[in-house]
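A short worksheet on the structure shown next.
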Amino acid sequence: GKWVKFLEKENNQVFEIWTREYIDRFANYLLLRAQIFKGNKEHPTIVLEVGAGDGKFSYFLNERLKELKIENIQVITTGYENEHFNIKSPYNNVENISEKEALMKYKPGIIICSWMIPNEDWTADFRKAPSVKEYILIGPEGPCGTDETWQKNWQDDFGKTIDSFDEET
């Protein structure tokens, strides 16, 4: 129907639908993690979204954090135009830099990567960054990243096994 025709148009690439409930749960999860990581108003936990596309996810997340008056988290949105995508942001919140540049520039505690580019794996860079305590991958195994992206056992790098984000959180 109309929804499928909308999605098939070149400029209407929709990978995720960000519901209010999803954004609320994600904001609550980040709040808990920022408390564990000792983020505060003067030194907030930096949450870096890489490969952010149009920046919609971070925009809604930031709006929710403002509504909740959360000051111990700073969300930064980055991405870059490349041969795969030419996405413009109507939210004007996406800094046009690569994930490697963003890691060096912002030294995040938490990384969010939604729908990593097919056949590219950025997780090794995430794990090597000294500031990164956690990264969150959104999207399905297979069309996102590579086989290495979705390895199940990273305890050698982080000292513990990484769990996937649970919507019940």
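Among Lys66, Lys56, the order of accessible area from largest down is Lys66, Lys56, computed with a 1.4 Å probe on protein heavy atoms. Per-residue extension of 0.36 nm, minus the Cα-Cα distance of Lys38 and Glu148, leaves a gain of 36.5 nm for this segment.
Residue pairs exceeding 26 angstrom between C-alpha atoms, taken from Lys66/Lys107; Lys69/Lys100; Lys69/Lys107: Lys69/Lys100. Taking all protein chains together, Glu42, Glu71 sort by accessible area into Glu42, Glu71, largest first [probe 1.4 Å].
Computed log10 I(q)/I(0) for region 33-151 at 0.11, 0.12, 0.16 Å⁻¹: -0.35, -0.42, -0.75, from the Debye equation with unit scatterers placed on every C-alpha and solvent omitted.
Taking amide H as placed 1.01 Å from N in the peptide plane, the amide H of Glu134 sits under 5 Å from that of Ile111, each at least 5 places away or on another chain. Between Trp18 and Glu71, what's the calculated FRET efficiency when r is the beta-carbon distance and R0 is 30 Å? Round to 0.05. Once rounded, the FRET efficiency stands at 0.85.
The values are calculated or read from the model by the stated rules, or taken from the named source; none is laboratory data. Here the structure is a predicted model, which is why all the values come from computation and not from measurement. With ideal geometry, Cβ positions are generated from the backbone for all residues, glycine too; neighbour counts draw on all protein chains shown. Heavy atoms of the whole protein, side chains included, go into the accessibility calculation; ligands, DNA and RNA do not. Shrake-Rupley method; radii C 1.70, N 1.55, O 1.52, S 1.80 Å.
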